[in-house]
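Worksheet: one structure, shown below.
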Amino acid sequence: MPAAETVPAAYLHSVVPHLLVDDADAALAFYERAFGAEPRFRLDGDEGEVVHAELTVAGAVMMLGDAGDDLRSPAAIGGTPVILHVYVPDVDALTARATAAGAELLEGPADQFHGDRTAMLRDPFGHLWIFLTHLEDLTPEQIAERLAEANDPAGATG
(Lines give C-alpha, C1' and ligand atoms only; values in the text may rest on other atoms or scores of the structure.)
Protein backbone atom coordinates (compact mmCIF):
# COMPACT_ATOMS: atom_id res chain seq x y z
CA MET A 1 0.00 0.00 0.00
CA PRO A 2 1.46 3.42 -0.95
CA ALA A 3 2.08 5.97 1.79
CA ALA A 4 -0.84 8.33 2.42
CA GLU A 5 -0.50 12.05 1.83
CA THR A 6 -0.23 13.85 5.14
CA VAL A 7 -2.79 16.38 3.88
CA PRO A 8 -5.17 14.94 1.27
CA ALA A 9 -5.55 17.11 -1.84
CA ALA A 10 -9.27 17.72 -1.16
CA TYR A 11 -8.36 19.46 2.11
CA LEU A 12 -5.18 21.27 1.05
CA HIS A 13 -5.32 25.01 1.79
CA SER A 14 -8.76 24.74 3.35
CA VAL A 15 -10.59 25.16 6.60
CA VAL A 16 -13.33 22.58 6.19
CA PRO A 17 -16.66 23.45 7.84
CA HIS A 18 -18.38 20.65 9.75
CA LEU A 19 -22.05 21.55 10.10
CA LEU A 20 -24.22 20.11 12.85
CA VAL A 21 -27.93 19.85 12.14
CA ASP A 22 -31.00 18.35 13.77
CA ASP A 23 -31.93 16.25 10.72
CA ALA A 24 -28.90 15.37 8.62
CA ASP A 25 -30.90 13.32 6.09
CA ALA A 26 -33.08 16.35 5.36
CA ALA A 27 -30.05 18.66 5.30
CA LEU A 28 -28.18 16.48 2.81
CA ALA A 29 -31.24 16.39 0.54
CA PHE A 30 -31.71 20.17 0.88
CA TYR A 31 -28.08 20.99 0.05
CA GLU A 32 -28.31 18.80 -3.06
CA ARG A 33 -31.55 20.49 -4.20
CA ALA A 34 -30.69 24.05 -3.19
CA PHE A 35 -26.95 24.36 -3.76
CA GLY A 36 -26.22 21.53 -6.18
CA ALA A 37 -24.15 19.74 -3.51
CA GLU A 38 -22.59 16.45 -4.50
CA PRO A 39 -22.26 13.70 -1.87
CA ARG A 40 -18.82 12.19 -1.27
CA PHE A 41 -19.64 9.65 1.46
CA ARG A 42 -21.55 9.13 4.69
CA LEU A 43 -21.38 7.00 7.80
CA ASP A 44 -24.58 6.12 9.63
CA GLY A 45 -24.81 5.22 13.30
CA ASP A 46 -26.58 2.28 14.89
CA GLU A 47 -29.77 4.30 15.40
CA GLY A 48 -29.91 5.72 11.85
CA GLU A 49 -28.26 9.01 12.67
CA VAL A 50 -25.67 10.47 10.32
CA VAL A 51 -22.40 10.23 12.23
CA HIS A 52 -20.41 11.86 9.44
CA ALA A 53 -21.09 12.87 5.84
CA GLU A 54 -19.01 14.75 3.30
CA LEU A 55 -20.26 16.65 0.31
CA THR A 56 -19.05 19.36 -2.02
CA VAL A 57 -20.71 22.67 -2.85
CA ALA A 58 -19.24 24.25 -5.99
CA GLY A 59 -16.27 21.93 -5.52
CA ALA A 60 -15.65 23.00 -1.90
CA VAL A 61 -15.62 20.16 0.64
CA MET A 62 -17.82 20.36 3.72
CA MET A 63 -18.73 17.89 6.43
CA LEU A 64 -22.07 17.37 8.11
CA GLY A 65 -23.62 15.28 10.84
CA ASP A 66 -26.53 15.00 13.21
CA ALA A 67 -26.24 17.11 16.34
CA GLY A 68 -26.26 15.40 19.73
CA ASP A 69 -26.25 16.16 23.42
CA ASP A 70 -22.72 17.59 23.46
CA LEU A 71 -22.57 18.97 19.92
CA ARG A 72 -25.54 21.20 19.20
CA SER A 73 -27.09 22.68 16.06
CA PRO A 74 -27.76 26.39 15.40
CA ALA A 75 -31.47 25.74 16.07
CA ALA A 76 -30.63 24.41 19.54
CA ILE A 77 -28.55 27.48 20.48
CA GLY A 78 -30.64 30.19 18.81
CA GLY A 79 -28.49 30.87 15.75
CA THR A 80 -24.91 30.75 14.55
CA PRO A 81 -22.01 33.22 14.63
CA VAL A 82 -20.49 31.63 11.51
CA ILE A 83 -21.15 32.53 7.87
CA LEU A 84 -20.04 30.15 5.12
CA HIS A 85 -18.66 31.80 1.94
CA VAL A 86 -18.71 29.88 -1.34
CA TYR A 87 -17.74 31.20 -4.79
CA VAL A 88 -20.04 29.97 -7.56
CA PRO A 89 -20.18 30.68 -11.31
CA ASP A 90 -23.65 32.34 -11.16
CA VAL A 91 -24.82 33.71 -7.82
CA ASP A 92 -28.16 34.82 -9.27
CA ALA A 93 -29.02 31.33 -10.53
CA LEU A 94 -27.91 29.70 -7.28
CA THR A 95 -29.98 32.18 -5.24
CA ALA A 96 -33.09 31.43 -7.31
CA ARG A 97 -32.52 27.69 -6.96
CA ALA A 98 -31.87 27.89 -3.21
CA THR A 99 -34.88 30.06 -2.40
CA ALA A 100 -37.12 27.80 -4.49
CA ALA A 101 -35.82 24.88 -2.39
CA GLY A 102 -36.62 26.68 0.88
CA ALA A 103 -33.63 28.85 1.77
CA GLU A 104 -34.45 32.21 3.36
CA LEU A 105 -33.15 35.16 1.35
CA LEU A 106 -31.47 37.63 3.70
CA GLU A 107 -29.77 39.79 1.05
CA GLY A 108 -30.49 39.44 -2.65
CA PRO A 109 -27.76 39.31 -5.28
CA ALA A 110 -25.97 42.64 -5.63
CA ASP A 111 -22.63 43.89 -6.91
CA GLN A 112 -20.33 44.79 -4.03
CA PHE A 113 -17.47 47.26 -3.57
CA HIS A 114 -14.97 44.38 -3.27
CA GLY A 115 -15.53 43.20 -6.84
CA ASP A 116 -17.92 40.33 -6.20
CA ARG A 117 -21.65 39.88 -6.68
CA THR A 118 -23.04 38.38 -3.48
CA ALA A 119 -26.21 37.04 -1.89
CA MET A 120 -26.84 35.98 1.72
CA LEU A 121 -29.11 33.07 2.63
CA ARG A 122 -30.15 31.14 5.73
CA ASP A 123 -30.76 27.45 5.20
CA PRO A 124 -33.66 25.69 6.97
CA PHE A 125 -31.18 24.28 9.53
CA GLY A 126 -30.01 27.71 10.74
CA HIS A 127 -26.71 28.01 8.87
CA LEU A 128 -25.82 31.29 7.13
CA TRP A 129 -24.33 31.33 3.64
CA ILE A 130 -22.85 34.02 1.42
CA PHE A 131 -22.54 32.97 -2.20
CA LEU A 132 -20.28 35.04 -4.41
CA THR A 133 -19.49 35.39 -8.10
CA HIS A 134 -16.21 37.19 -8.75
CA LEU A 135 -16.59 40.10 -11.16
CA GLU A 136 -13.29 41.96 -11.12
CA ASP A 137 -9.80 41.78 -9.65
CA LEU A 138 -9.00 44.68 -7.31
CA THR A 139 -6.02 45.57 -5.19
CA PRO A 140 -6.50 45.90 -1.42
CA GLU A 141 -6.08 49.67 -1.88
CA GLN A 142 -8.87 49.81 -4.48
CA ILE A 143 -11.16 47.81 -2.22
CA ALA A 144 -10.45 50.15 0.73
CA GLU A 145 -11.06 53.19 -1.48
CA ARG A 146 -14.38 51.82 -2.71
CA LEU A 147 -15.46 51.00 0.84
CA ALA A 148 -14.62 54.55 1.95
CA GLU A 149 -16.62 55.95 -0.99
CA ALA A 150 -19.57 53.68 -0.19
CA ASN A 151 -19.53 54.80 3.45
CA ASP A 152 -19.20 58.54 2.68
CA PRO A 153 -22.72 59.99 2.86
CA ALA A 154 -21.59 63.11 0.96
CA GLY A 155 -20.19 60.99 -1.85
CA ALA A 156 -16.64 60.80 -3.15
CA THR A 157 -16.74 64.44 -4.30
CA GLY A 158 -18.15 65.89 -1.06
Margin query: Could you report region 1-125's accessible area per residue, 1.4 Å probe, as an integer in Å²?
Written below: 58
Margin query: Of all beta bridges DSSP finds with both residues in region 71-131, what is the antiparallel percent, to the nearest 5?
Written below: 70
Notebook entry, point to check: Once the piece of chain linking D69 and L106 is laid out straight, how much longer is it, given 0.36 nm per residue of separation minus the C-alpha distance between them?
Noted result: 10.4 nm
Item checked: Dmax and Rg, reported as Rg then Dmax, of region 65-158 (C-alpha, Å) -> 16.7, 56
Item checked: Shape of the chain, Cα gyration tensor, a/c cut at 1.5 -> prolate
Check: Taking θ as phi - 60°, what are the ³J(HN,Hα) couplings along region 31-42 by the Karplus curve (6.51, -1.76, 1.60), each to the nearest whole Hz, with x for Gly and Pro?
Finding: 5, 5, 5, 7, 10, x, 4, 10, x, 9, 5, 8
Margin query: If you take every residue apart from G36 with its C-beta less than 15 Å away from the C-beta of G36, what net charge results, scoring Lys and Arg +1 and Asp and Glu -1?
Written below: -2
Check: Roughly what angle does helix 140-151 make with the longest principal axis of the chain, taking Cα atoms, 0 to 90 degrees, to the nearest 10?
Finding: 70
Margin query: In whole percent, and with a 1.4 Å probe on the protein chains, what portion of the accessible area of region 20-158 is carbon and sulfur?
Written below: 52
Item checked: Derived scalar couplings ³J(HN,Hα) [region 128-137; Karplus, 6.51 cos²θ - 1.76 cosθ + 1.60; whole Hz; x for Gly, Pro] -> 9, 10, 10, 9, 10, 10, 6, 10, 8, 7
Next item on the list: Using a/c under 1.5 as the rounded threshold, could you call region 57-117 rounded, prolate or oblate? The axes a ≥ b ≥ c are square roots of the C-alpha gyration tensor eigenvalues, and prolate needs a/b larger than b/c, oblate otherwise.
Entry: prolate
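The values are calculated or read from the model by the stated rules, or taken from the named source; none is laboratory data. What you are looking at is a predicted structure, and each value in this text was computed from that prediction instead of being measured. FYI the Cβ positions are ideal-geometry reconstructions off the backbone, even for glycines, and counts take in every protein chain you see. We work out accessible area using only protein heavy atoms, side chains counted, and drop any ligands, DNA or RNA first. Shrake-Rupley method; radii C 1.70, N 1.55, O 1.52, S 1.80 Å.
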